[in-house]
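Written below as structure tokens is the structure these notes are about.
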Amino acid sequence: MRYHLLGLVLMTAVAAPALAQSRPDTVERRVDRLEQQLRAVQRRVFPAGGAQTVEPEIPADVQAAMGGAPPGNAMSSLIARVDSLDAQLRTLTGQVEEQSNRTRQIEDGLARLRADLANRIERLEAPPPRAAEPRLEPRPEPALRETAAQPARAAPAAPDAAEEAYNAGYRLWDQRRFAEAQAALEAAATRYPSSRWTSWMRNLQGRAYLDENKPATAARILLANYQDNPRGERAADSLFYLGQALTRLNRRPEACRVYDELAQVYSNMRDFIRTRLPEARTAARCAAN
């Protein structure tokens, strides 16, 4: 865009000295061409009419002199038109720079918004902290047995292997290594089918397929997680992401039925899902509740 403007400025600069050397009718045709090129640039810069186009500001007496006036007056009229073109170019350049600054500000704002949303989602999806294990204090021995050996302290409980397996899959998903996350979470869910973390594993596995743009596979896993373990800690989440997968598959009526069931069965769904449900229903074109 700047190259076009620079070309017009150069053409105007070249045309100005030639006014003193060319015949008035030849110079006038060149000025006409400059005005036509300027209007073409305006249409290219603002194709949708978003900005107000600049019209020549030629005085009325100058316009009257252009139609059959003596050569001296015609030359003055052409000079006035060239001055008007120069003013239009300055105005158009200012509009382009203002639009470019506004575009950069919008892009910067979107970048900050994406970063903020990514941080919030990461905090919300992180597994809850484990409750501290109670420390077992040894009971004091009776006075008659002061010399007896004290009982050993109870050893701390080993970390939950299922939780560690989920965390490993979560780290892979968070790094956008979706295929590796899918395999790790599948293996973990198969190894620990009765753990409370299995609901978490299957839900995140379905999300990994959804993030990899495989909504059909994601829908199958998320539906199974809800049906096989409806009381699981991530069953409600699986229903929500099942609706998103169906929306991507262009099966919006079924997605709306899923969202309705989510609201009816899990009225106590966590806020992470509750706040996103209205937008999801809008994307699926569901009727208002």
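A simple spin-label model places the labels of PHE272 and ALA40 5.7 nm from each other, with each point 7 Å out along Cα-to-Cβ.
Computed extension length for ASP32-GLN105: 22.5 nm, one decimal, from 0.36 nm per residue of separation with the Cα-Cα distance subtracted. Charged neighbours of ALA283, selected by a Cβ distance under 12 Å, balance to +4 (K, R count +1; D, E count -1). The label-point distance for ALA179 and VAL265, in a model that sets each label 7 Å from Cα toward Cβ, rounds to 3.3 nm. Estimated from the Cβ-Cβ distance and a Förster radius of 22 angstrom, the FRET efficiency linking ARG252 and ASP228 is about 0.30.
The calculated Kirkwood hydrodynamic radius for the stretch 202-254 is 10.4 Å, given to one decimal from all distinct C-alpha pairs.
Laboratory data are not the source of any read-out in this text; all were calculated from the coordinates shown. Worth saying up front: this structure is predicted, and the values here are computed from it rather than measured. Cβ: placed from backbone, ideal geometry, glycine included. Neighbour counts: every protein chain shown.
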